[in-house]
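Reading through the structure tokens given below for one structure.
Any read-out appearing in this document is the output of simple, stated calculations on the displayed coordinates, not a laboratory observation. What you see is a predicted model; the values in this text were computed from it and never measured. As a convention, Cβ positions derive from the backbone with ideal geometry for all residues, glycine included, and neighbour counts pool all protein chains shown.
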Amino acid sequence: MATKKTAVVINKSGKKAGDPIALDGAAPLKIKALPNVKYLLKTEGEVGPENATLTRVGSDLHVTLEGETSPALVLAPADTGPHWAGSTRASGPAFR
């Protein structure tokens, strides 16, 4: 489990961020990623974590926080619309 409490904040409008959603480490939080939306990681004190590892698993993006062995957050594509870059790689659609 991470030493600091971490949350993800979803910012859809670009002006006001939404409420933080806690990442508890017991099970990854899975979010359907949407175009033109920012997903911000914050720890105590309103700053982001010092280190995070991003790993592609198929078309999902797994976010593993420092000190963890499994992902705390999984961003999955909402669909395969025009906001996903086409890719011929075996890993599937590429994130822009």
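Brief remarks on what is shown
- Under-5 Å amide H pairs with ALA33, H placed in peptide plane, nonlocal only: ALA76, ALA78
- Formal net charge of residues neighbouring ALA17 (Cβ-Cβ distance under 14 Å; K, R +1; D, E -1): +3
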